[in-house]
1. Roughly how many debye, to the nearest 20, is the charge dipole of the range 156-205 about its Cα centre, given +1 on each Lys and Arg Cβ, -1 on each Asp and Glu Cβ, and no other charges?
2. For the range 208-353, with only Lys/Arg (+1) and Asp/Glu (-1) charged at the beta-carbon, what is the dipole magnitude about the Cα centre, in debye rounded to 20?
3. Order 224-233, 322-331 from most to least packed using the mean count of other Cβ atoms within 10 Å.
4. Calculate how large, on average over all directions, the projected area of the Cα convex hull of the range 149-201 is; give the answer in nm² to one decimal.
5. Listed highest first by mean packing, meaning other Cβ atoms within 10 Å per residue, what order do 294-306, 186-198 come in?
6. For the range 271-350, what is the charge dipole size about the Cα centre, in debye to the nearest 20, if Lys and Arg each add +1 at the Cβ and Asp and Glu each add -1 at the Cβ?
7. Can you pull the percent of Cα pairs in the range 293-353 with separation above 17 Å?
8. Tell me, what % of the accessible area of the range 160-303 is carbon and sulfur with a 1.4 angstrom probe?
Amino acid sequence: MKKRMCKKRTGLCLTSLLLAAALFTGCGSSGGSKSMSSEMAYDAGGTDNAAAVDNAAAEEYGLYDSAAEMEYETAAAAGEAPQEMPEISEENVHTEERKLIKTVDLYAETENYDALLVNLEAQIAEFGGYIEYQYQYNGSSYSGYNETRNANLSVRIPAKRLDEFVRRVGEQSNITNKEERVEDVTLRYVDLESRKKALVIEQDRLLDLLEQAESVEDIIAIEQRLSEVRYELENMESQLRTLNNQIDYSTINISIQEVRRLTPVEEKSAWDKMRNGFIESIYRIGDDIEDGFIGFVTNIPYLLVWVVIIGIAFGIVRLIIRRRKRRKAAREQQWQDTQQKQEETIKKEEEKK
(Lines give C-alpha, C1' and ligand atoms only; values in the text may rest on other atoms or scores of the structure.)
Protein backbone atom coordinates (compact mmCIF):
# COMPACT_ATOMS: atom_id res chain seq x y z
CA MET A 1 0.00 0.00 0.00
CA LYS A 2 2.81 2.38 0.90
CA LYS A 3 4.60 1.54 -2.34
CA ARG A 4 1.46 2.43 -4.33
CA MET A 5 1.16 5.74 -2.46
CA CYS A 6 4.81 6.50 -3.15
CA LYS A 7 4.31 5.73 -6.84
CA LYS A 8 1.30 8.02 -6.96
CA ARG A 9 3.19 10.82 -5.24
CA THR A 10 6.16 10.28 -7.53
CA GLY A 11 3.86 10.49 -10.54
CA LEU A 12 2.25 13.68 -9.25
CA CYS A 13 5.62 15.26 -8.55
CA LEU A 14 6.68 14.33 -12.07
CA THR A 15 3.51 15.97 -13.34
CA SER A 16 4.37 19.15 -11.41
CA LEU A 17 7.85 19.18 -12.90
CA LEU A 18 6.41 18.78 -16.38
CA LEU A 19 4.02 21.66 -15.75
CA ALA A 20 6.88 23.86 -14.56
CA ALA A 21 8.91 22.93 -17.63
CA ALA A 22 5.95 23.76 -19.84
CA LEU A 23 5.70 27.15 -18.16
CA PHE A 24 9.32 28.06 -18.94
CA THR A 25 9.37 26.64 -22.46
CA GLY A 26 6.17 28.34 -23.71
CA CYS A 27 3.66 25.58 -23.41
CA GLY A 28 1.09 27.84 -25.07
CA SER A 29 2.19 26.60 -28.52
CA SER A 30 1.02 23.48 -30.23
CA GLY A 31 4.17 21.55 -29.28
CA GLY A 32 3.54 22.11 -25.56
CA SER A 33 -0.02 20.89 -25.80
CA LYS A 34 0.99 17.80 -27.67
CA SER A 35 3.53 17.02 -24.95
CA MET A 36 0.72 17.02 -22.38
CA SER A 37 -1.25 14.64 -24.56
CA SER A 38 1.83 12.43 -24.86
CA GLU A 39 2.12 12.30 -21.07
CA MET A 40 -1.41 10.90 -20.84
CA ALA A 41 -0.58 8.36 -23.52
CA TYR A 42 2.55 7.21 -21.70
CA ASP A 43 0.45 6.45 -18.67
CA ALA A 44 -1.91 4.41 -20.86
CA GLY A 45 0.65 2.33 -22.70
CA GLY A 46 3.89 3.58 -24.20
CA THR A 47 5.45 5.62 -27.00
CA ASP A 48 3.31 4.36 -29.88
CA ASN A 49 0.12 5.19 -28.03
CA ALA A 50 1.47 8.68 -27.22
CA ALA A 51 2.19 9.38 -30.88
CA ALA A 52 -1.30 8.19 -31.81
CA VAL A 53 -2.89 10.50 -29.23
CA ASP A 54 -0.77 13.44 -30.44
CA ASN A 55 -1.75 12.98 -34.06
CA ALA A 56 -5.41 12.34 -33.26
CA ALA A 57 -5.71 15.43 -31.07
CA ALA A 58 -3.79 17.59 -33.51
CA GLU A 59 -5.89 16.42 -36.42
CA GLU A 60 -9.13 16.95 -34.44
CA TYR A 61 -8.28 20.54 -33.47
CA GLY A 62 -6.57 21.44 -36.74
CA LEU A 63 -3.10 22.08 -35.29
CA TYR A 64 -1.32 21.00 -38.47
CA ASP A 65 -1.16 23.77 -41.05
CA SER A 66 -0.32 21.39 -43.88
CA ALA A 67 -0.13 17.69 -44.70
CA ALA A 68 3.68 17.94 -44.74
CA GLU A 69 3.71 19.07 -41.11
CA MET A 70 1.49 16.14 -40.07
CA GLU A 71 3.82 13.74 -41.87
CA TYR A 72 6.74 15.35 -40.04
CA GLU A 73 5.10 14.79 -36.64
CA THR A 74 4.29 11.17 -37.50
CA ALA A 75 7.86 10.54 -38.63
CA ALA A 76 9.18 12.27 -35.50
CA ALA A 77 7.26 9.85 -33.29
CA ALA A 78 8.87 6.92 -35.14
CA GLY A 79 12.36 8.47 -34.90
CA GLU A 80 12.62 9.12 -38.65
CA ALA A 81 12.04 12.89 -38.74
CA PRO A 82 13.98 15.07 -41.20
CA GLN A 83 16.27 17.83 -39.96
CA GLU A 84 13.80 20.70 -40.45
CA MET A 85 10.05 20.91 -39.93
CA PRO A 86 7.91 22.68 -42.57
CA GLU A 87 6.92 26.20 -41.49
CA ILE A 88 3.69 28.07 -42.12
CA SER A 89 4.09 30.06 -45.32
CA GLU A 90 1.89 31.94 -47.75
CA GLU A 91 2.13 29.03 -50.21
CA ASN A 92 0.25 26.78 -47.75
CA VAL A 93 -2.70 29.18 -47.58
CA HIS A 94 -5.30 29.18 -50.34
CA THR A 95 -6.16 32.48 -51.98
CA GLU A 96 -9.85 32.27 -51.07
CA GLU A 97 -8.92 31.71 -47.40
CA ARG A 98 -6.78 34.83 -47.08
CA LYS A 99 -7.62 37.29 -44.31
CA LEU A 100 -7.39 40.82 -45.69
CA ILE A 101 -7.88 44.18 -43.95
CA LYS A 102 -8.92 46.79 -46.52
CA THR A 103 -8.74 50.57 -46.03
CA VAL A 104 -9.82 53.21 -48.56
CA ASP A 105 -9.17 56.98 -48.38
CA LEU A 106 -11.45 59.22 -50.47
CA TYR A 107 -11.14 62.98 -51.05
CA ALA A 108 -14.42 64.26 -52.46
CA GLU A 109 -15.82 67.61 -53.60
CA THR A 110 -19.46 68.59 -53.71
CA GLU A 111 -21.58 71.58 -54.60
CA ASN A 112 -24.49 70.30 -52.50
CA TYR A 113 -22.92 69.71 -49.09
CA ASP A 114 -26.06 69.09 -47.02
CA ALA A 115 -27.64 66.65 -49.47
CA LEU A 116 -24.43 64.62 -49.75
CA LEU A 117 -24.13 64.15 -45.99
CA VAL A 118 -27.76 63.09 -45.68
CA ASN A 119 -27.42 60.59 -48.54
CA LEU A 120 -24.21 59.15 -47.13
CA GLU A 121 -25.73 58.54 -43.71
CA ALA A 122 -28.73 56.81 -45.32
CA GLN A 123 -26.53 54.61 -47.53
CA ILE A 124 -24.24 53.65 -44.65
CA ALA A 125 -27.26 52.34 -42.76
CA GLU A 126 -28.54 50.62 -45.92
CA PHE A 127 -25.23 48.80 -46.44
CA GLY A 128 -25.21 47.59 -42.83
CA GLY A 129 -22.29 49.77 -41.77
CA TYR A 130 -21.76 52.45 -39.19
CA ILE A 131 -19.91 55.74 -38.69
CA GLU A 132 -16.90 55.25 -36.42
CA TYR A 133 -15.76 58.90 -36.42
CA GLN A 134 -17.28 62.12 -37.75
CA TYR A 135 -16.11 65.74 -37.81
CA GLN A 136 -17.94 68.64 -39.45
CA TYR A 137 -16.94 72.27 -39.96
CA ASN A 138 -19.98 74.36 -40.81
CA GLY A 139 -18.20 77.70 -41.26
CA SER A 140 -17.63 80.64 -38.93
CA SER A 141 -17.86 84.39 -39.45
CA TYR A 142 -14.72 84.82 -37.36
CA SER A 143 -12.54 82.68 -39.62
CA GLY A 144 -13.13 84.59 -42.84
CA TYR A 145 -15.99 85.09 -45.25
CA ASN A 146 -14.34 82.89 -47.90
CA GLU A 147 -14.35 79.72 -45.75
CA THR A 148 -16.34 76.73 -47.03
CA ARG A 149 -17.79 73.82 -45.09
CA ASN A 150 -16.06 70.45 -44.85
CA ALA A 151 -16.41 67.12 -43.10
CA ASN A 152 -14.28 64.07 -42.27
CA LEU A 153 -15.88 60.66 -41.79
CA SER A 154 -14.45 57.28 -40.86
CA VAL A 155 -16.97 54.67 -42.03
CA ARG A 156 -17.03 50.88 -41.45
CA ILE A 157 -18.71 48.95 -44.27
CA PRO A 158 -19.01 45.16 -44.72
CA ALA A 159 -16.03 44.07 -46.81
CA LYS A 160 -18.22 42.34 -49.39
CA ARG A 161 -19.96 45.64 -50.24
CA LEU A 162 -16.90 47.89 -50.16
CA ASP A 163 -16.59 48.40 -53.92
CA GLU A 164 -20.30 49.08 -54.26
CA PHE A 165 -20.22 51.73 -51.53
CA VAL A 166 -17.17 53.46 -53.06
CA ARG A 167 -18.94 53.51 -56.41
CA ARG A 168 -22.02 55.10 -54.80
CA VAL A 169 -19.88 57.85 -53.24
CA GLY A 170 -18.27 58.53 -56.63
CA GLU A 171 -21.69 58.87 -58.26
CA GLN A 172 -22.80 61.54 -55.77
CA SER A 173 -19.59 63.57 -55.48
CA ASN A 174 -16.43 64.45 -57.37
CA ILE A 175 -13.60 62.22 -56.09
CA THR A 176 -10.29 64.00 -56.64
CA ASN A 177 -8.05 61.53 -54.79
CA LYS A 178 -8.44 57.86 -53.94
CA GLU A 179 -6.06 55.62 -51.99
CA GLU A 180 -6.50 51.91 -51.23
CA ARG A 181 -4.50 49.84 -48.75
CA VAL A 182 -4.69 46.07 -48.16
CA GLU A 183 -3.03 44.32 -45.22
CA ASP A 184 -2.70 40.53 -45.41
CA VAL A 185 -3.03 39.09 -41.88
CA THR A 186 -3.58 35.48 -42.95
CA LEU A 187 -0.44 34.06 -41.34
CA ARG A 188 -1.06 35.96 -38.13
CA TYR A 189 -4.69 34.80 -38.05
CA VAL A 190 -3.78 31.14 -38.69
CA ASP A 191 -1.08 31.28 -36.01
CA LEU A 192 -3.49 32.72 -33.44
CA GLU A 193 -6.10 30.07 -34.23
CA SER A 194 -3.54 27.27 -33.92
CA ARG A 195 -2.25 28.59 -30.61
CA LYS A 196 -5.80 28.99 -29.35
CA LYS A 197 -6.65 25.36 -30.19
CA ALA A 198 -3.44 24.23 -28.51
CA LEU A 199 -4.35 26.16 -25.38
CA VAL A 200 -7.83 24.62 -25.37
CA ILE A 201 -6.27 21.13 -25.46
CA GLU A 202 -3.85 22.07 -22.67
CA GLN A 203 -6.70 23.54 -20.60
CA ASP A 204 -8.71 20.30 -20.88
CA ARG A 205 -5.64 18.26 -19.95
CA LEU A 206 -4.96 20.47 -16.91
CA LEU A 207 -8.56 20.07 -15.76
CA ASP A 208 -8.16 16.29 -15.96
CA LEU A 209 -4.91 16.45 -14.00
CA LEU A 210 -6.56 18.71 -11.44
CA GLU A 211 -9.23 16.06 -10.78
CA GLN A 212 -6.52 13.40 -10.32
CA ALA A 213 -4.25 15.51 -8.09
CA GLU A 214 -4.15 14.62 -4.38
CA SER A 215 -1.43 16.77 -2.80
CA VAL A 216 -1.78 20.48 -2.16
CA GLU A 217 1.46 21.23 -4.00
CA ASP A 218 0.23 19.56 -7.18
CA ILE A 219 -3.14 21.32 -6.99
CA ILE A 220 -1.47 24.74 -6.56
CA ALA A 221 0.93 24.11 -9.45
CA ILE A 222 -1.85 22.93 -11.78
CA GLU A 223 -4.18 25.80 -10.87
CA GLN A 224 -1.41 28.34 -11.39
CA ARG A 225 -0.69 27.01 -14.87
CA LEU A 226 -4.43 26.75 -15.56
CA SER A 227 -4.95 30.43 -14.74
CA GLU A 228 -2.06 31.36 -17.05
CA VAL A 229 -3.50 29.27 -19.87
CA ARG A 230 -6.93 30.87 -19.42
CA TYR A 231 -5.38 34.35 -19.47
CA GLU A 232 -3.49 33.56 -22.68
CA LEU A 233 -6.63 32.03 -24.17
CA GLU A 234 -8.70 35.15 -23.42
CA ASN A 235 -5.96 37.34 -24.89
CA MET A 236 -5.89 35.34 -28.12
CA GLU A 237 -9.68 35.33 -28.37
CA SER A 238 -9.63 39.13 -27.97
CA GLN A 239 -7.03 39.44 -30.76
CA LEU A 240 -9.08 37.16 -33.00
CA ARG A 241 -12.26 39.21 -32.37
CA THR A 242 -10.38 42.39 -33.26
CA LEU A 243 -9.00 40.84 -36.44
CA ASN A 244 -12.41 39.47 -37.42
CA ASN A 245 -13.95 42.93 -37.01
CA GLN A 246 -11.22 44.54 -39.14
CA ILE A 247 -11.54 41.81 -41.77
CA ASP A 248 -15.34 41.72 -41.94
CA TYR A 249 -15.74 45.53 -41.92
CA SER A 250 -13.54 47.59 -44.21
CA THR A 251 -12.64 51.17 -43.28
CA ILE A 252 -13.42 54.09 -45.60
CA ASN A 253 -12.01 57.50 -44.65
CA ILE A 254 -13.96 60.20 -46.49
CA SER A 255 -12.84 63.83 -46.62
CA ILE A 256 -15.62 66.04 -48.03
CA GLN A 257 -15.03 69.64 -49.19
CA GLU A 258 -17.78 72.04 -50.24
CA VAL A 259 -16.79 73.95 -53.40
CA ARG A 260 -18.43 76.43 -55.75
CA ARG A 261 -17.17 74.61 -58.84
CA LEU A 262 -16.02 71.01 -59.13
CA THR A 263 -12.41 70.31 -60.05
CA PRO A 264 -12.15 68.52 -63.43
CA VAL A 265 -10.49 65.15 -62.95
CA GLU A 266 -10.29 63.96 -66.56
CA GLU A 267 -7.17 64.58 -68.62
CA LYS A 268 -7.23 67.66 -70.88
CA SER A 269 -5.27 68.79 -73.91
CA ALA A 270 -2.98 71.85 -73.82
CA TRP A 271 -5.67 74.02 -75.45
CA ASP A 272 -8.30 72.84 -72.95
CA LYS A 273 -5.92 73.55 -70.07
CA MET A 274 -5.31 77.12 -71.31
CA ARG A 275 -9.01 77.71 -71.87
CA ASN A 276 -9.93 76.33 -68.47
CA GLY A 277 -7.17 78.36 -66.83
CA PHE A 278 -8.40 81.57 -68.51
CA ILE A 279 -12.01 80.87 -67.51
CA GLU A 280 -10.87 80.04 -63.98
CA SER A 281 -9.02 83.38 -63.78
CA ILE A 282 -12.19 85.24 -64.80
CA TYR A 283 -14.14 83.32 -62.19
CA ARG A 284 -11.54 84.21 -59.56
CA ILE A 285 -11.72 87.92 -60.45
CA GLY A 286 -15.49 87.78 -60.12
CA ASP A 287 -15.14 85.89 -56.84
CA ASP A 288 -12.67 88.49 -55.52
CA ILE A 289 -15.04 91.36 -56.39
CA GLU A 290 -17.95 89.53 -54.83
CA ASP A 291 -15.91 88.63 -51.75
CA GLY A 292 -14.72 92.24 -51.47
CA PHE A 293 -18.27 93.56 -51.57
CA ILE A 294 -19.45 90.92 -49.10
CA GLY A 295 -16.53 91.75 -46.85
CA PHE A 296 -17.34 95.45 -46.95
CA VAL A 297 -21.02 94.87 -46.11
CA THR A 298 -20.28 92.36 -43.35
CA ASN A 299 -17.69 94.72 -41.84
CA ILE A 300 -19.98 97.79 -41.79
CA PRO A 301 -20.65 97.38 -38.04
CA TYR A 302 -16.92 97.38 -37.39
CA LEU A 303 -16.52 100.41 -39.65
CA LEU A 304 -19.26 102.26 -37.76
CA VAL A 305 -17.60 101.48 -34.45
CA TRP A 306 -14.30 102.78 -35.76
CA VAL A 307 -15.97 105.90 -37.13
CA VAL A 308 -17.49 106.60 -33.72
CA ILE A 309 -14.17 105.97 -31.98
CA ILE A 310 -12.29 108.19 -34.41
CA GLY A 311 -14.98 110.90 -34.09
CA ILE A 312 -14.78 110.83 -30.30
CA ALA A 313 -10.99 110.93 -30.42
CA PHE A 314 -11.08 113.83 -32.91
CA GLY A 315 -13.55 115.71 -30.68
CA ILE A 316 -11.38 115.17 -27.60
CA VAL A 317 -8.27 116.36 -29.42
CA ARG A 318 -10.11 119.40 -30.77
CA LEU A 319 -11.42 120.22 -27.28
CA ILE A 320 -7.93 119.98 -25.84
CA ILE A 321 -6.59 122.30 -28.53
CA ARG A 322 -9.33 124.84 -27.88
CA ARG A 323 -8.64 124.78 -24.16
CA ARG A 324 -4.97 125.33 -24.78
CA LYS A 325 -5.74 128.28 -27.07
CA ARG A 326 -8.07 129.79 -24.47
CA ARG A 327 -5.50 129.38 -21.74
CA LYS A 328 -2.83 130.91 -23.94
CA ALA A 329 -5.10 133.82 -24.83
CA ALA A 330 -5.97 134.28 -21.15
CA ARG A 331 -2.30 134.35 -20.18
CA GLU A 332 -1.53 136.83 -22.94
CA GLN A 333 -4.43 139.01 -21.87
CA GLN A 334 -3.32 138.82 -18.27
CA TRP A 335 0.22 139.79 -19.26
CA GLN A 336 -1.06 142.71 -21.29
CA ASP A 337 -3.20 143.87 -18.37
CA THR A 338 -0.22 143.66 -16.05
CA GLN A 339 1.93 145.63 -18.44
CA GLN A 340 -0.78 148.24 -18.84
CA LYS A 341 -1.17 148.60 -15.07
CA GLN A 342 2.57 149.01 -14.68
CA GLU A 343 2.63 151.69 -17.34
CA GLU A 344 -0.25 153.52 -15.70
CA THR A 345 1.47 153.31 -12.33
CA ILE A 346 4.68 154.74 -13.83
CA LYS A 347 2.74 157.60 -15.45
CA LYS A 348 1.02 158.52 -12.18
CA GLU A 349 4.32 158.58 -10.32
CA GLU A 350 5.81 160.83 -12.98
CA GLU A 351 2.84 163.16 -12.81
CA LYS A 352 3.17 163.42 -9.03
CA LYS A 353 6.80 164.39 -9.38
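1. With Lys and Arg at +1 and Asp and Glu at -1, about 160 debye.
2. So the dipole magnitude of the range 208-353 works out to roughly 3680 debye.
3. Those peptides, ordered most packed to least, come out 224-233, 322-331.
4. On the way: hull surface 23.4 nm².
Orientation-averaged projected area of the Cα hull: 5.8 nm².
5. Listed from highest to lowest mean packing, they are 186-198, 294-306.
6. That gives the range 271-350 a dipole magnitude of about 680 debye.
7. More than 17 Å apart: 67 percent of the Cα pairs in the range 293-353.
8. Working: 4860 of 9290 Å².
Ligands and nucleic acids excluded, carbon and sulfur reach 52 percent.
The values are calculated or read from the model by the stated rules, or taken from the named source; none is laboratory data. Here the structure is a predicted model, which means the values were calculated and not measured. Neighbour counts run over all protein chains shown; Cβ positions are idealised from the backbone, glycine included. In case anyone asks, the SASA skips ligands and DNA or RNA and just uses the protein heavy atoms, side chains included. Shrake-Rupley method; radii C 1.70, N 1.55, O 1.52, S 1.80 Å.
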